[in-house]
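These notes concern the structure reproduced below.
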Amino acid sequence: MTCLLAFASGCQEPGNPGGDTQPLDPTRHLYAGPAREVQLIANQAVLGFYADGGAFRAGYVTHDVAVQDGITELTPYHYTAAGVRTVGGALGVETGGILREDGTDLGGGSAARTSPSGAVEITRGAAVEVLTNREDGIEQAWRFAAAPDGRGDLTVNVQITGQRFVGQTANGLHFQSSDGLGFRYSHAVWLDAAGHEWPIQATWQDDHIAITVPGELVAESAFPATLDPTISAEAAIDTPVNGWSGQSSQAPAIAFDGTNYLVVWADQRLSRNEDIFGTRISQAGAILDPAGITITSAAGRQLHPTVAFAGTQYVVAWEDFKISGGTEADIGAARVSTAGAVTALGHVAPSAQNETQPQIAASGGNALLVWNNAGDIRASLFNGTAFSGAISVTADATAQTDPAVAADPGGNYLIAYSEGAIATADLRGQLVTAAGAVSGAAFTISAGAGRQYDPAASFDGTNYVVAWSNNNAGLNLFGTRVSTAGVVLDTRTEGVTPNVGGVSISSAAANQELASLSCVAGACLIAWQDNRNNATTGSDIFAQRLTTSGALTNNGAEFTISAAAKGQFVPAVTSNGTSFFAVWEDGRDVGINTVFGSGVTAAGAVTSPSGLVMATGNNRQSTPALGAAGATTAVFWADSKNFGSDIEMARFSGASKLDASAHAVSTAVFEQNSPAVTSSAGNFFVVWNDSRGGVDRDIFGARVDAAGNLLDAGGRAISTATGDQLVATSTSSARSSTTRPATSRSATSRSAPSPAIRAARPSRSTPRPASSSWCGVTTGSRPTPTSSARGSAPPARCSTPMASRSRARPAASSRRGSRSSPAPRSWSGRTAGSTRRATSSARASRSPAR
């Protein structure tokens, strides 16, 4: 290839690569400054501190931080639902003293510097204070290389200015500016050289924070040892500032507790294998858990969750493919309180068979969980605390699949399922009592021509209502009421066959499938995945209101809940008694499906036509690429701070970071990702996958000069042919060079320090780096943390994100490895004779450290 595009370098002729073109040798590893892995360079580019005059600065989409004269100043940012950024007042943080109980003063010094990993280190006498910028805030650590002089308790005092103290919770101390935004100063962890961790409480004492390590613990610890809390921006007490998670979320389910909803889904933010996450949302659609609720992050893959509200708590169940490389699943379950606290319930009636397709319905404080057990239908009754043994609903040679379940107010249940050969399966029903016993014989709900499958079920106050897909004349939706005695109430004549169960709900062109149903007194809302507009928007989410009084009939016309580009799939809907809330898997961000949602009124009005993102958390930076132009090195990456990733960059010269904040290369609509970069004529040339056309992925590119100026605003089209063009590779006019390192996370935003806060307290001290580990590369000498003490193992984020997955049930051939780790030990208190004892969560409120 003579040149990739004329504007890349003026299209020099072969053998005459003009100017200072320096093609990169594709056989050698790329470095910027000191020899470091490209992943660490990419991480530092978006999170690391950089020198700016007499200050060190860093930031993230939720905060800015400046360190000067020993004072750390943090400014919180928050994004409204409309994407507007608001800025809060600054918080000043300074180490005020390090003391032993006998009066020994261990403080002193204030010389500051940056470490190769991008942290700021401030020498504080016997300790080194280390400030590390993270996605969720700042980690402030004091590292003691040796046992400190003196006797008794070891106390670190932290002075606070700029914001007022507003309260203390289990997650830490909370500070707030006059505009409402603020920060949470977490409780700390004492980590010794043997890898043991102990939670240490931070307390507010008049005008400062005190963090006290008991003297007995200091005496027993192996050194070096570290004390490290975190400081995170929040919009209200224990309400962190977050954005879109940037990773795949899929297969949502939803339930209502009388006040709020709980949405659950399968999520890949921690690794390429799915975990079950959730969030509570208000009836107005406000996200109440911006960082999400981790319901399970066990080894293996957790898929297809289901949820119901049982009296005082939610019950969630899912498929658990727990064996690496295996195909056998059990059903996992957990309780979730209305406050979002999770209690694991283990596996429900596990067996050697493959257990999939869980569905759950609740009545009062009880619930019935049903699933497919290798072609038979099984059930288990939840009594408010635990599940019973398996109940055999079907046990004959005929295959049964696709179970659905609904509950009536008396605590009884109807299970609907598909039975028979795939091409001609009928829809069958079975009643189950409140005691969990099968009631009467199974009965036929519909034996129409073709296949009846994928049922959904609810209760309208008088009867059960069941809807399903039928493929006899296209893929259409049918439904019927079923009495509590098991009588099918709505039938049709099919050809010359009378009394075929079910009446038509939707028979539009193309396919109507994967329906979800929710009913209130005398009425229902059914939502489904619809392909009638496949040529323009792909699959959409359609809905229909139903009347159930006297007969099952459509109420008004079908309407669209979401018809965004690139497809919406697998809806789930529930009711608060008067209106409805629908959630679905949305493909508008090409390559990464995301759970969206919207309210729907009883009249069929969609309250959020553009949809609301349900899967929020820390933004993600992925697929970094590294290039060099002369003495300047630049890293480019895909950044998800806005919905749909953009291309951003930052520059280095040797070991120094040149850019105060990231430079946007492309912020076009939809997804830009997978950049590749080379250099020519003193400029960088970066190309990437681009979905701005709204249908296919194209290749776009842009030149950026060594000063960081974008020479091709917005990027120029390189290939917009029909179909997808993927994984761009850039080349200089001599020989090719491609960089495709592993995935990282982070983001950038910067601010100047406040003179008022800098002047509020005199300067005092300086540090040295706590170590960090990122994708197998370790810097510094911090003792290895006990992963379970921090709530979970460090997330596996070192591989390219999985692309959008098919709607079909995924094969369970790829599993997450074990996350087990040695049990951590917790300081049990100051009581005489107390000893260390094990704890399973030394700091549940903190994010896993890198």
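Using a ≥ b ≥ c from the Cα gyration tensor of the stretch 251-617 (square roots of the eigenvalues), is it rounded, prolate or oblate, where a/c under 1.5 gives rounded and otherwise the larger of a/b and b/c decides, a/b for prolate?
Rounded.
Ranking Thr484, Thr123 by Cβ neighbours within 10 Å, fewest first, what do you get?
Thr484, Thr123
Mind listing the phi-derived Karplus ³J(HN,Hα) values for the stretch 295-310, rounded to whole Hz, using 6.51, -1.76 and 1.60 with θ = phi - 60°, and x for any glycine or proline?
Whole-Hz 3J(HN,Hα) from phi for the stretch 295-310: 7, 7, 9, 5, 4, x, 10, 10, 9, 6, x, 9, 8, 9, 9, 10.
If neighbour count is taken as other Cβ atoms inside 10 Å, put Leu477, Leu106 in order from fewest to most.
In increasing order of surrounding Cβ atoms, one gets Leu106, Leu477.
Can you work out the Karplus-derived ³J(HN,Hα) for every residue in the stretch 337-353? Use 6.51 cos²θ - 1.76 cosθ + 1.60 with θ = phi - 60°, whole Hz, and x for glycine or proline.
6, 5, 8, x, 7, 9, 10, 5, 10, x, 9, 8, 6, x, 8, 7, 7
Assuming R0 = 22 Å, what is the FRET efficiency of Ala395 and Ile422, from their Cβ-Cβ distance, to the nearest 0.05?
So, using R0 = 22 Å, E works out to roughly 0.65.
Which order results if Val503, Val316 are arranged by neighbouring Cβ count within 10 Å, fewest first?
Val503, Val316
Where the only charges are on Cβ atoms (+1 Lys, Arg; -1 Asp, Glu), what is the dipole of the stretch 418-555 about its Cα centre, to the nearest 20 debye?
Computed charge dipole of the stretch 418-555: roughly 140 debye.
Between Asn383 and Ala721, how high is the FRET efficiency from 1/(1 + (r/R0)^6) when r is the Cβ-Cβ distance and R₀ = 51 Å? Nearest 0.05.
Details: r = 60 Å, r/R0 = 1.17.
So, using R0 = 51 Å, E works out to roughly 0.30.
Which one of Gly89, Ala145, Ala194 has its Cα pushed farthest toward the positive end of the charge dipole of the stretch 59-195, where Lys and Arg give +1 and Asp and Glu give -1 at the Cβ?
Of the listed residues, the answer is Gly89.
Every read-out reported here was derived from the displayed coordinates using simple, explicitly stated rules and does not represent laboratory data. What you are looking at is a predicted structure, and each value in this text was computed from that prediction instead of being measured. When we count neighbours, we look across all protein chains shown, and the Cβ atoms used for this are built from the backbone with ideal geometry, even at glycine.
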